[in-house]
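Working notes, structure below.
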Amino acid sequence: MDIETARREHLKPAVSPSPLQSLLQDSTLPSTTHPGVLTLAFQIQHNLQYQHSWTGLRLHTHSPLTNAPFPRPLLSGLPPHRLYVHPDEQIELLKEAERKRKASKKEGGGNDVLKIEPEPEREWILPTRLSEKWTLGRLSEIFDGIGLVPPDAETARQEEDGQVNPWRTTKRIVLAAADSDSTVVYYIVHDGVVKPRQN
Amino acid sequence: MAQTLVTEPFPISRIANRYLIFDVNIISHIRREHNICGVLIGTIPNLSQQNVFLGIPMQLMPEETRLLVEHGHAYIVEDADAHKTGFMEMSREDRLAFLRQMDKQGVEMALDAKRRAADKQEKVLKEKGLERKIQEKNLRRTDITPNPATGETSVGPSDEKSLSDSMPPSPTVGSARGQKVAPYFITPTTSHPPLPTPPLSPAAELPKVPHTYPLFRHLQSKGYFSTPGLRFGCHYTAYPGDPLRFHSHFLATGLDWDEEFELLDIVGGGRLGTGVKKAYLIGGEDPEAKASGKEDGSDPVRAFSIEWAGL
């Protein structure tokens, strides 16, 4: 036995452990989480990170509000651009941009373009499979466990986020539905009656 | 437009399981005050294929009827029964009064038609430059009118005479010009009058509504107008104000709390909604919240709005 361990220490690992192996060894994940939904969460995470350039993706197995375990793991992350602008906020942003444009025109600047680029916001993501069936009850269970804005990984950023967007008044979640052919579609689900964007 | 006062509760006629309103004042009243549009279904009887612009009666969804009745704005009248009892038990005085009324209308219409014909004649003569003829005619007319003693120039007395019985009026009513005018026979097209507004019957049961009613009630309580949603493959299309002024905001589908739905429906609804600048809305009543919310009066309905994320 001693010889065996000594030999292992001398040898460099031929290959790094497979993701599955490291996942199984990850003791932070609760054993109650079904591996199927966990794999799904990783699939969505991968998709967001590498196909949609999201950053700061985090897996949440427990509710930040109640600390009770979620029915399934959720993700949170930061999109490269703002994912959702409430129509009222959009009007406000347009007015602001118009004011700035007029100001710069007075100063002689030739900037004629209305530029609206709101800061991206962290979003909740609910990974699902297209073949699943949902009910209103299960959906509201998810919503009851989340806050308005997902908690950030770094607590330092938390304070910066202290001035949350005043327009973000209802909970929202990005519903990610993965099909068996690994296509993933994303839909924003708002908690309550929220008027639509005028795209 | 002059605002006509509608007294609440007003009757809603139930005919063959349809809820209908026949009074245009009530129709505009519920649209203005209670955010209920209904659907106009009346066509012209002899041109029933003309269905672009429909008129009264207005058909209400059972949900709309239920809401109005629950809030005490309206009550249901079984129209077939109301007609049967109303006409069978009508008193002789009422019947005669109504017939007299009809005769009076007939005479008025006949006189009106005659007057219009005369006006037309006058106009044509004027166009042809034959004003002299008109003057002659007018002279003749003024010769006759100051002669009330003949009894033929006034309409009133002979009219009343003819109506002293329930017989149809005799065609001997004189016109203002001393000529005989046959009164028109009017076919009554409404039943209120002659029937009085039916009385409120508190025993009538509430209209049966589909399981999507809680969502409908929820949207109404938030001030939305809801119209039937078949055109968009949902239960209701919800408008933030009068549908004539606003685009609709939501394609609403009502569900039971534990009713399973396919995610593909969410994807389809969300995509369709975003394509027409709307959001797809699903919602239903939480039975637990309903039980606990009875005391504090909170709305047990939970709704979710779905939009395409654009990823």
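No lab work stands behind these numbers, since they all come straight from the coordinates. It should be emphasised that the depicted structure is a prediction, and the values quoted were computed from it without experimental measurement. Counting neighbours? That spans all protein chains shown, and the Cβs are built from the backbone with ideal geometry, glycine included.
Structural remarks
- Taking a point 7 Å from the Cα of B:LEU206 along the Cα-to-Cβ direction, the residues of the range B:4-23 with backbone N closer than 20 Å to it are B:9-15, B:17-20.
- Other protein chain Cβ atoms within 10 Å, averaged over every residue that makes up B:37-48: 0
- Placing unit charges on the Cβ atoms of the charged side chains and taking the dipole of the range B:21-90 about its Cα centre, the candidate lying farthest along the positive direction among B:HIS83, B:VAL52, B:VAL24 is B:VAL52.
- Burial ordering of A:LYS195, A:LYS105, fewest other beta-carbon atoms within 10 Å first: A:LYS105, A:LYS195
- Shielding score for B:262-271, defined as the mean number of other chain Cβ atoms within 10 Å: 5
- Gained length - A:ALA103 relative to A:LYS133, 0.36 nm times residue gap less alpha-carbon distance: 5.5 nm
- Amide H contacts under 5 Å for A:VAL194, placed H, 5+ residues apart: B:SER305
- Normalised alpha carbon radius of gyration of the range B:210-311 [divisor 2.2 N^0.38 Å]: 1.08
- In sequence order, calculated HN-Hα J values of the range A:85-92 (Karplus, 6.51, -1.76, 1.60; Hz; x Gly/Pro): 10, 5, x, 5, 5, 4, 4, 4
- FRET efficiency for the pair B:GLU33 and B:THR189, taken as 1/(1 + (r/R0)^6) with r the Cβ-Cβ distance and R0 = 25 Å, rounds to 0.35.
- Cβ crowding within 10 Å averaged over residues, with A:124-137, A:56-69 ranked highest first: A:124-137, A:56-69
- For B:ALA74, the residues whose modelled amide H falls within less than 5 Å of its own, excluding neighbours fewer than 5 places apart on the same chain, are B:PHE10, B:VAL69.
- Per-residue Cβ neighbour rank within 10 angstrom, fewest leading, B:LYS278, A:LYS95: A:LYS95, B:LYS278
- What separates the Cα centres of the range A:162-199 and the range B:253-311 is a distance of 13 Å.
- Inter-chain Cβ neighbour average for residues B:242-251, partner chain, 10 Å: 1
- Between B:ALA182 and B:ALA118, residue separation times 0.36 nm minus the direct Cα-Cα distance comes to 21.4 nm.
- In order along the range A:131-137, the phi-based Karplus estimate (6.51 cos²θ - 1.76 cosθ + 1.60, θ = phi - 60°) of 3J(HN,Hα) comes to 6, 6, 10, 10, 10, 4, x Hz; Gly and Pro are listed as x.
- With R₀ set to 35 Å, the beta-carbon distance separating A:ILE116 from A:HIS52 gives a calculated FRET efficiency near 0.95.
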